[in-house]
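Undergrad: My questions will all concern the structure given below.
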Amino acid sequence: MKAKSMANKFSLNRIGRALDVLRDGGVKTFVRQVVGAPQPPDAFVERLLRRDAAKALSRIDSHLPHQRGLFLDCGSNLGQGFGLFEKYFPLAKFDFVLIEPNPNCIPQLKDLIRRRGGNIELIEAAAGTEVGHAKFFGLSEDHRGSTSDGGSILKDHNSVFYDPDEQRALSVPTFSLSDLIAERADRYGVVIMKVDIEGGEYDVLEDMLKNNTADRLGAIYVEFHSHFMVEPKRTEYRSRELAIAREFARRRIPFRLWH
């Protein structure tokens, strides 16, 4: 009876945390996390996408003949983001780099690349701040399975819904996203980026600002994840979100919150 009572208490605690996600993150964020169904952008975000795309294509066309743009898709999972963003930043004008550390997603991404054609590169590693390796959490714990879009190198990224399992975490390679931007930016008329890496974005974005590689971007689409964390991490990471967004705004880099 005592064990059952503790289990019920644990379940109620999780339900309460999940309701916090619904309140703080909204219906789309909640549905995506619980069901795993990607949600289309709302009308406001679509307007921003069209505006950013128009500016990016104009910058490409104003450069030397055959100049192209680069789209960095950080956290590609099974290619859901690529399917959306390629509509606005077409392969006819943009090279894409799909970045995904989850080895279970790689076969589907490679199949996507074969089917779509165009200049699409796949980096099988986690976007980070340095070359190395990191533990990748969330695949054994998440009910959505081995290709869940909830995997992360940040241990506490999804603590509202589950506790991280150190023993079952994968080891994945990491690289410096800031270095990648610095290396590639001069080859392109414009660089656009999507960052949805389940809590790994905090260190990455702060590193990009520190090294001034963020200034090379024409626009960036970011999903933050503090609303998936329990306190006191939620407040801590929320503070970092505000500081990051303010700094991007100060530098006049189009910074779009993504859900």
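Undergrad: Compute the separation of the alpha-carbon centres of the range 174-202 and the range 213-259 and state it in Å as a whole number.
TA: 15 Å
Undergrad: Please work out how much length the chain gains when fully extended from E124 to A92, using 0.36 nm per residue of separation minus the C-alpha to C-alpha distance, in nm with one decimal.
TA: 9.1 nm
Undergrad: Please tell me which of these pairs span more than 27 angstrom C-alpha to C-alpha: K55/K155; K110/K135; K55/K194; K87/K155?
TA: Pairs exceeding 27 Å: K55/K155; K87/K155.
Undergrad: Measuring from a point 7 Å past the Cα of I106 along Cα-to-C-beta, which residues in the range 122-149 have an amide N at less than 13 Å?
TA: 122-126
Undergrad: If you don't mind, another one. If we sort 128-141, 188-201, 152-165, 72-85 on the protection proxy, mean other Cβ atoms within 10 Å, highest first, what's the order?
TA: 188-201, 72-85, 152-165, 128-141
Undergrad: Which is farthest toward the positive dipole end of the range 50-121 among L57, G69, P101, measuring Cα position about the Cα centre, with Cβ charges +1 (Lys, Arg) and -1 (Asp, Glu)?
TA: So the residue we want is L57.
Undergrad: According to a simple spin-label model (label point 7 Å from Cα along Cα-to-Cβ), what is the distance in nm between F44 and S239?
TA: Placing both labels 7 Å beyond Cα along the Cβ direction yields 2.7 nm.
Throughout, read-outs are computed from the coordinates displayed, never taken from laboratory work. Keep in mind the model is a prediction, meaning the values are calculated, not measured. Cβ sites come from the backbone with ideal geometry, for glycine too, and all protein chains shown count toward neighbours.
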